[in-house]
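Novice: Got a structure for you, written out below as structure tokens; questions coming shortly.
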Amino acid sequence: MAAEAQTWTLAELAARAELPGRTIRYYIARGLLPGPSKAGRGAAYGPEHLERLRQIRDWQARGLTLTEIARRLAGPDRAVLQAEPVAWWHYAVAEDVTVLVRADADPWRLKQIKNYLAQMAAGLRADNEGKEQQ
Amino acid sequence: MNEGNGGFTVFNVETGREARLAMEGLWLTGRILPVGARLLVAHTFRSAEAQPLEVVYAFALPRDAALRRFSILGEGFRVRSALRPVEQARKEYEQGVAEGHLSSLARVYRDGRVNLSVGNIRPGELVKVFLELVAGVDWRDDGLRFRFPFTLAPCYHREARAVEVQPGVGELELPEEEFGDVLLPPYMTDAAALHQVGFDLSVQLGNELAGVSSPSHALRFQLTGPGAARVSLSREGAVPDRDLVLDVQAREAAPRSCGGVCRDGRARFTVVVPSVSFGRSARATPRSVVFVLDRSGSMAGAPLQQAKKAVEACLGALSEKDQMGFVAFDTAVELFQSQLVPCTAANREKLRRYLQGIEAQGGTELAAGIQAAVQLAGLGGADLFVLTDGQVAATEDILRVSRAAGARLHCLGIGAASQDRFLTLLARETGGVSRFVTPRERVDTAALELFAGAGRPLASEVKVSFDGLAGGKAVLTPPAAVFEGHPLVVMGEADTKEGGTLDVEWAADQGPGRLRVAVKLGDPRDGETVRLLQGARLITDWESRLTDELPDGRRSTRKARDENRLVARLEQLSRDYGLASRVMALVAVVERFGDDASRLPTTRVVPVGMPEDTCFESYFGAVQPLAVHGVDRAQVGLAEKIQTFRAPVDMLDLTLRESCATYRRSDSAAWQGVLCEAAGTEDDRLMEAVARLLPDGGLPGASEQERLLRSAALLLALLGAGSTARVGPFRLHVQKLVGFLKGAAADAPSDTSRQLIEDLVARAECGTVRSPQPREWIEALVCWAPEPSAVAWTRLEQWARELLD
């Protein structure tokens, strides 16, 4: 019963989380945080909101952006059904190599792919330079 | 502005539908005076969504700027902001938002970033926020450069989190412990569908106005008096992907003053004394120079290429007695040599090869670069030349390091949205001077100009006395040294209503100098503007020392105590001048009929365009930039989006075609200019030629005769391009050539050739040249490489006659 009674206004939640109200509203708008459990003047936020805010802060400290956090929170089953690709990124890795990557790839995935592409480009370039020197 | 549709209607270029923007337009109006600008920026917000909105617009303050107040205009109301300590302002704003009222907060964060938040805009409601601010200008001898940010550059910080959230959309977040709750905008590579920006400004120069031009926007210009004009955007609207830059030019370099009697009965004035009033630097003494080059990813493409060329050209102006050093930095720092080396031909050649290997990559650890350069320079009093886009966060920390280093820093800022405010401070606080260029101007010429002017000061131990002004005193201590091309600015106040004079005394190579300058007082409105500008300057200077977000009053370390004193000082300045600062914010809450506290507004941050010519991938792309073989990465772009994937296509061709389309889209003639410049213009030729000057001042050649002929031809070309030993970006090179030709004239093959050399030297030393000659003519002269013969000398003499007579 005691836990049930624990509801706060936005200002109270902000004070507890040591975050400005605007930041919390921004997180809600970004889908990082559920909205208040009841609408109206005494809009209610609870410990789950506080916990989520702590989690966000933790992820931020590890270098994740809000978009990346939102994707994590949305869970893994979200990206199962990919639609037909409509647009592609075209990476000119070397003069004779180009790689196509889905433009709607997950930013996480994209970052990963780009890392591999960078390695590939560096490898090919080193190869090339080696040949030129010979 | 068309009031009927709220100023602008924005259509999405791809869908053709009206865009649902939370902010629809930004319109800049105001007055540019000889000493600064008083501006009014109108922001139009509209909620096109079904729920109430909280809209946050992030922007950067221009140099020496401060917010004065804002008013909110809505359907049936107009409310003015109040100035409050930041915490109180935030509470009032939060309370207003929670109660469903229309609330607005303008708060300044670190690095001069501002968040303008407007909460509870109802569905369909139109709200305008008119923000008043004052801003400083970049003073020149014969005018000024005004810059206003229409976009906010992304910035580098070790702990910043950046990611590309959708193709072409980047997001950047700064750590909250250091930067507070500041929100940065999403950065869009395609700014076409964003809010529209425009301007309509009046310009009053005091002296006779020669003209107003802009390297950034197409202007409509209308002369309204001998020293006044009105400038506006010549097209319907522009997109927020670059700063507005205006060059205001006077007919002559004469002292300008502006001021008036303020409401408190005291007069406030600012006097700008051009550097030519301090004579000319006579003695060329050996120099020690360290170049500090920003090679971070954001410099990729034209900015880095031009900066490298500029360094080479600057070296061409040095002799064997001069010492040089070179530091390049990105995430790490790299030294050319671990000590200063004499500027011999061999060392220059080594540095030239070293420069060729420099590519743009990584972050911007500017403080580390400066520290390394200071260490390299040692105690010898070397001048440091910093070439950077300054797109960094936590600039207050860099300033602290630089102040402590005790070296003089001269800065060249490069960028469509450069950190004008920061780089001005960096130069000023270390006793140096700064200049700014947009990437579509010639970075190398500007660097040469800065380098030529920032050698030995024209005047040192500058003292200003106010005997000719009742109750006169300086509001800010004027700088102790004056450099060529950079005027002395005196900000002061007095009890007089009539004006008077002030006396400037200084020491120079030619002996002590003295000058009396008239202080004219005009319109009381001008006095009030000058007072605000002085306040904004003071606030900017003090703010630049406040490193932490906002100091916690509970801490009792020495640093915390210092910062608390700073906060108190800033609060007092804010109250005295009625201007916002890091510790005082502007807030307004409007209670409207039918305000509904039950609906939580949805927060939206207004996106801005990536600054033109800044490589998106350097912030939001791959961790390390990919090398694209054979093609300049910055020009083609790392990745090109292929719209549809239906049939086999030749990928590389498509990439190239698309990149051409990108160029055309930016539809400015200036851009075309940049593309042509890559192929080489006469300025490129001259830049390359002067970089080849040997330490003795002449061009290289197979024989002494060839050297003499070629050097004489180059001198003629430089004269033709408008440079002499006294004026023009190539003046140092002209001085060197003159020195060489004087010494070698005795070896001239004939009396006529000797006479020609003497004429050229005389013209370079004292004469003025007609307006710059046609480019083909100069190009022909620089590329001319004949055998030294009587025929060749006759040809050169004919050319000289065409130019000099």
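The values are calculated or read from the model by the stated rules, or taken from the named source; none is laboratory data. On a predicted model such as this, the values are computed, not experimentally measured, just so you know. Glycine gets a Cβ as well: all are built from the backbone with ideal geometry, and neighbour counts include every protein chain shown. Protein only, heavy atoms only, side chains kept; ligands, DNA and RNA dropped before computing areas. Shrake-Rupley method; radii C 1.70, N 1.55, O 1.52, S 1.80 Å.
Novice: When residues of segment B:569-608 are filtered for being part of a helix (DSSP H, G or I) and open to solvent by less than 60 Å² (accessible area, probe 1.4 Å), how many remain?
Specialist: Within segment B:569-608, residues that are part of a helix (DSSP H, G or I) and open to solvent by less than 60 Å² (accessible area, probe 1.4 Å) number 5.
Novice: What is the residue count in segment B:74-114 for residues that are hydrophobic (A, V, I, L, M, F, W, C), within 33 Å of the chain's Cα centre (by Cα) and away from chain A (no Cβ under 12 Å)?
Specialist: So the answer is 5.
Novice: Does B:Phe336 satisfy the condition of being open to solvent by less than 20 Å² (accessible area, probe 1.4 Å) and not assigned by TED's automatic domain parsing to the domain that holds B:Asp111?
Specialist: It is false that B:Phe336 is open to solvent by less than 20 Å² (accessible area, probe 1.4 Å) and not assigned by TED's automatic domain parsing to the domain that holds B:Asp111.
Novice: Could you tell me which residue of segment A:5-22 is nearest to the other protein chains (Cβ to nearest Cβ), considering only residues that are in contact with a helix residue (DSSP H, G or I) (Cβ under 8 Å, 6 or more places away or on another chain) and polar (S, T, N, Q)?
Specialist: That would be A:Thr9.
Novice: Looking at (1) buried (at least 23 other Cβ atoms within 10 Å of the Cβ); (2) in contact with a helix residue (DSSP H, G or I) (Cβ under 6 Å, 6 or more places away or on another chain); (3) not in a loop (DSSP other than H, G, I, E, B), which is the only condition B:Glu312 fails?
Specialist: Going through (1) buried (at least 23 other Cβ atoms within 10 Å of the Cβ); (2) in contact with a helix residue (DSSP H, G or I) (Cβ under 6 Å, 6 or more places away or on another chain); (3) not in a loop (DSSP other than H, G, I, E, B) one by one, B:Glu312 breaks only (1).
Novice: Kindly evaluate B:Ala346 against the criterion of being surrounded by fewer than 19 Cβ atoms within 10 Å (Cβ to Cβ), small (Gly, Ala, Ser), closer than 24 Å to B:Val734 by Cα and over 23 Å from the mean Cα position of the chain (by Cα).
Specialist: yes
Novice: So, in segment B:81-100, how many residues would count as being more than 22 Å from B:Leu53 (Cβ to Cβ) and either assigned to a helix (DSSP H, G or I) or open to solvent by 60 Å² or more (accessible area, probe 1.4 Å) (or both)?
Specialist: The qualifying residues number 4.
Novice: Determine whether segment A:80-102 contains at least one residue that is more than 10 Å from chain B (Cβ to nearest Cβ) and at pLDDT 70 or above.
Specialist: No: zero hits.
Novice: A follow-up question, please. Just one of (1) among the hydrophobic types (A, V, I, L, M, F, W, C); (2) at pLDDT below 90; (3) surrounded by 21 or more Cβ atoms within 10 Å (Cβ to Cβ) trips up B:Ile398, so point out which.
Specialist: The number of the failed condition is (2).
Novice: Answer yes or no as to whether B:Arg68 is touching an Asp or Glu at 6+ places or on another chain (Cβ under 6 Å), away from chain A (no Cβ under 14 Å) and modelled with pLDDT under 95.
Specialist: Considered against the rule, which asks whether it is touching an Asp or Glu at 6+ places or on another chain (Cβ under 6 Å), away from chain A (no Cβ under 14 Å) and modelled with pLDDT under 95, B:Arg68 comes out as no.
Novice: Right, something else. Check whether at least one residue in segment B:447-463 is touching a Ser or Thr at 6+ places or on another chain (Cβ under 7 Å), acidic (Asp, Glu) and outside any strand (DSSP E or B), and report yes or no.
Specialist: For segment B:447-463, residues touching a Ser or Thr at 6+ places or on another chain (Cβ under 7 Å), acidic (Asp, Glu) and outside any strand (DSSP E or B): absent.
Novice: Check A:Arg22, A:Arg16, A:Arg54 and return the single one that is modelled with pLDDT of 90 or more, surrounded by fewer than 17 Cβ atoms within 10 Å (Cβ to Cβ), within 22 Å of B:Pro175 (Cβ to Cβ) and touching a strand residue (DSSP E or B) at 6+ places or on another chain (Cβ under 8 Å).
Specialist: Checking each option against the conditions leaves just A:Arg16.
Novice: Give B:Asp576, B:Asp613, B:Asp596 a once-over and let me know the one that is modelled with pLDDT of 95 or more and among the charged types (D, E, K, R).
Specialist: B:Asp576
Novice: Let me ask something else. Residues in segment B:154-170: is at least one more than 14 Å from chain A (Cβ to nearest Cβ) and among the aliphatic types (A, V, I, L, M)?
Specialist: Initial filter on segment B:154-170 (more than 14 Å from chain A (Cβ to nearest Cβ)): B:155-156.
Those still in the list that are among the aliphatic types (A, V, I, L, M) too: none.
No: zero hits.
Novice: Turning to a different aspect of this structure: Is there a residue being surrounded by 23 or more Cβ atoms within 10 Å (Cβ to Cβ) and within 13 Å of chain A (Cβ to nearest Cβ) anywhere in segment B:125-135?
Specialist: no
This table checks each residue for (1) at pLDDT 90 or above; (2) buried (at least 24 other Cβ atoms within 10 Å of the Cβ).
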| site | (1), (2) |
| --- | --- |
| B:Gly362 | no, no |
| B:Gln375 | no, no |
| B:Ala382 | no, no |
| B:Cys411 | yes, yes |
| B:Gln419 | no, yes |
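Novice: Also: So if I check each of B:Ala762, B:Ala745, B:Ala792, which one is crowded, with 19+ Cβ neighbours inside 10 Å, part of a helix (DSSP H, G or I) and modelled with pLDDT of 85 or more?
Specialist: Matching residue, one of B:Ala762, B:Ala745, B:Ala792: B:Ala792.
Novice: Return the residues of segment A:107-134 that are more than 8 Å from every other protein chain (Cβ to nearest Cβ), at pLDDT below 65 and under 14 Å from B:Phe620 (Cα atoms); say none if nothing qualifies.
Specialist: Hit for segment A:107-134 is A:Trp108, nothing else.
Novice: Oh, and also: If B:Lys321 satisfies every condition in (1) under 22 Å from B:Asp444 (Cβ atoms); (2) of a type in the set (D, E, K, R); (3) open to solvent by 10 Å² or more (accessible area, probe 1.4 Å) but one, which is the exception?
Specialist: Checking B:Lys321 against (1) under 22 Å from B:Asp444 (Cβ atoms); (2) of a type in the set (D, E, K, R); (3) open to solvent by 10 Å² or more (accessible area, probe 1.4 Å), the one that fails is (1).
Novice: Give the number of residues within segment B:698-723 that are outside any helix (DSSP H, G or I) and open to solvent by 10 Å² or more (accessible area, probe 1.4 Å).
Specialist: So the answer is 6.
Novice: Inside segment B:418-432, can you point out the residues that are touching a Leu at 6+ places or on another chain (Cβ under 7 Å) and aliphatic (A, V, I, L, M)?
Specialist: B:Leu425, B:Leu426, B:Ala427
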